[in-house]
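Worksheet: one structure, shown below.
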Amino acid sequence: MYRRRRLVALLVLILLVLGIWWLVSAIVGLFSGGEDAAEPAPTPVATESAPAETPESTSAPEETEASGEDGAEEPEATPEVCTESDVTVTAVVDAEAYGPEESPQFSVELMNESDQPCIIDIGTASQVYTVMSGEDTIWVSTHCQTDEQTQVVELTPDKKVTAPAFEWSRERSSEDTCEDENRPEAVADGAYYYLTVKVGGITSAPAYFALV
C-alpha cells in the first residue's frame, strides 16, 4: 500500500515537471516567434531605375546610284531632241566649180557638239536643200518631193552622220513646174550659187559653188 502511494506520487511529480517544461517551452517559443515576425525582411538597396533602352533612330536608307543590287535595272532615259546648240549641220558640195556637163553632188553632215546624246530626224521628210543665187531662190528639194521618209537617229557626242549624196539637175524648181519635162536651167557662165540644208529645224551655213 505504501509502495503504491510512492509510485503515484512519483508519477504526479513527473507529470508536474513535464507540464512546467512544456509551459516554459511554449512561453520561450512565443517570444522568439514574435521577434522573428517583427524583424523586417531585408530589401534591395534602392537604385535609380534606368530608363528602358530604345532603339537609336536611324535615317532612311540612302538611295543607291543603281538599283542593280536588288536585281532590277532602271530603264535608260530617252535622249532629248537635238537643238541648234547641240548639233552642227554642214551643207556639202563635192566641188567648188562645175563645167557645163557636170552636175553638182549635194549632201549633208551632222555633228553632235554637246556632251549629251540627242535624237534627230534625218529622213527626207525632215531635210530641205535650197540653192540660191543672191536673193533668188533657184531650187528647193521639197517643191516636187513625193517620197517623204522619217528616220530618227541618236547622235552621241562627237558623232558625225553623213547623208548619201544625190545629184542636182541644175534646173530651177517650183511647185507649179513639177510635171514639166523641160524646166528652165540655172544660169551658168561663171554664176555663183550657194547651198543651205535644213535638218530637224537646224539650218547649215551656206556652201558656195559656181556653174561655169
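Summary of computed values
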read-out: Members of the range 79-99 that are acidic (Asp, Glu), exposed (fewer than 13 other Cβ atoms within 10 Å of the Cβ) and not in a strand (DSSP E or B); value: Glu84, Glu96
read-out: Hits in the range 181-200 (condition: free of Cβ contacts under 8 Å to residues at least 60 places away in the same chain and of a type in the set (Gly, Ala, Ser)); value: Ala186, Gly190, Ala191
read-out: Residue in the range 115-152 that is modelled with the lowest pLDDT, counting only those that are among the charged types (D, E, K, R) and either farther than 30 Å from Pro79 by Cα or buried (at least 16 other Cβ atoms within 10 Å of the Cβ) (or both); value: Asp121
read-out: Checklist (1) out of contact with any strand residue (DSSP E or B) (no Cβ under 8 Å at 6 or more places or on another chain); (2) surrounded by fewer than 14 Cβ atoms within 10 Å (Cβ to Cβ) applied to Gly201, failing item; value: (2)
read-out: Qualifying residue in the range 105-126 (condition: in a strand (DSSP E or B), in contact with a strand residue (DSSP E or B) (Cβ under 8 Å, 6 or more places away or on another chain) and among the hydroxyl-bearing types (Ser, Thr, Tyr)); value: yes
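The values are calculated or read from the model by the stated rules, or taken from the named source; none is laboratory data. Because the structure is a prediction, the values reported are computed rather than measured. Cβ sites come from the backbone with ideal geometry, for glycine too, and all protein chains shown count toward neighbours.
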